[in-house]
Amino acid sequence: MARILVIEDEPDLQKILDYNLRKAGHAVFQALRGQDGLEQAQRMKPDLVLLDIMLPDLQGTEICKHLKADPETRGIPVIMLTAKGEEIDRVLGFELGADDYVVKPFSVRELILRIQVILRRQEPVTEQGVIHFGCLKIDPEAHQAWVDGEEVRLTLTEFRLLLTLYERRNRVQSRITLLEDVWGMNTEAETRTVDTHVKRLREKLGNAEAYIETVRGAGYRFIGNPPETRL
């Protein structure tokens, strides 16, 4: 069971989400206004936040920005709910640190599945299928990563980026390729979002940041072997 905070100003949608999330076994908390939702999130530190962008007082993008800037709440997964479906809106959401982005109207069943994927990172870790690479450890099933034994709190997008680069190690991945395969976008206009996420990912990886190399004019590459065994 997870504690999920729903910040949404549409009462009917709140009722639908409340019913379905509780049916899925979660504890649901609600806020109809942005400021109330931000204060609840800071106070209770839920396991996940469903966040509407268009709120009557404080915009969802501002709430996400506040949560991700605070060390005490930055690890809380955020799924943005919005009627805006333009690509630039999705890019903005991801750049602010959102873990996922769902456009209204959406399938509640699909939303529940997306929530389960994100929450899976908090489940107990088993060693089966775990990747060990130098000081880095990755569990693809649990969506978790560790550096020198310390867990690294990654957003879902950051984890996808890390795993994609690792699985294609020693091969250069262009920004366009990463946009298509990690973000599901087919455009050359927003490649800067790749640079933003790689920078943020490197900062979080600490001693493992050097595993991701910048190939000038081409893109990024995960090294072929850990430093101690590199040929």
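The values are calculated or read from the model by the stated rules, or taken from the named source; none is laboratory data. Everything numeric here is computed off the predicted structure, so don't read it as measured data. Neighbour counts are summed over all protein chains in view; Cβ atoms, including those assigned to glycine, are modelled from backbone coordinates with ideal geometry.
For the stretch 74-91, filtered to residues that are in a loop (DSSP other than H, G, I, E, B) and surrounded by fewer than 18 Cβ atoms within 10 Å (Cβ to Cβ), the residue that is modelled with the highest pLDDT is ARG74. Checking GLY37, GLY25 one by one, the residue that is assigned to a loop (DSSP other than H, G, I, E, B) and of a type in the set (Gly, Ala, Ser) is GLY25 and no other. Selection within the stretch 92-136: residues that are part of a helix (DSSP H, G or I) and among the acidic types (Asp, Glu). The member of this set that is modelled with the highest pLDDT is GLU110.
The set of residues in the stretch 199-211 that are surrounded by 21 or more Cβ atoms within 10 Å (Cβ to Cβ) and under 16 Å from ASP99 (Cα atoms) contains only LEU201.
Please verify whether TYR101 is within 22 Å of GLN144 (Cβ to Cβ) and free of Cβ contacts under 8 Å to residues at least 24 places away in the same chain, treating the condition exactly as stated.
On the way: within 22 Å of GLN144 (Cβ to Cβ): yes; free of Cβ contacts under 8 Å to residues at least 24 places away in the same chain: yes.
Spelling it out, TYR101 is indeed within 22 Å of GLN144 (Cβ to Cβ) and free of Cβ contacts under 8 Å to residues at least 24 places away in the same chain.
Take VAL28 and tell me if it is without any contact (Cβ under 8 Å) to a residue 40 or more places away in the chain and surrounded by 18 or more Cβ atoms within 10 Å (Cβ to Cβ). Walk me through it before giving the result.
Numbers: without any contact (Cβ under 8 Å) to a residue 40 or more places away in the chain: yes; surrounded by 18 or more Cβ atoms within 10 Å (Cβ to Cβ): yes.
So VAL28 fits the description; yes.
Tell me yes or no: at least one residue of the stretch 182-202 is closer than 25 Å to VAL49 by Cβ, modelled with pLDDT of 90 or more and either more than 14 Å from the chain's Cα centre (by Cα) or assigned by TED's automatic domain parsing to the domain that holds ALA24 (or both). Within the stretch 182-202, one or more residues are closer than 25 Å to VAL49 by Cβ, modelled with pLDDT of 90 or more and either more than 14 Å from the chain's Cα centre (by Cα) or assigned by TED's automatic domain parsing to the domain that holds ALA24 (or both). Reported count of residues in the stretch 50-65, each being farther than 18 Å from ASP12 by Cα and either surrounded by fewer than 16 Cβ atoms within 10 Å (Cβ to Cβ) or touching a Pro at 6+ places or on another chain (Cβ under 8 Å) (or both), is 3.
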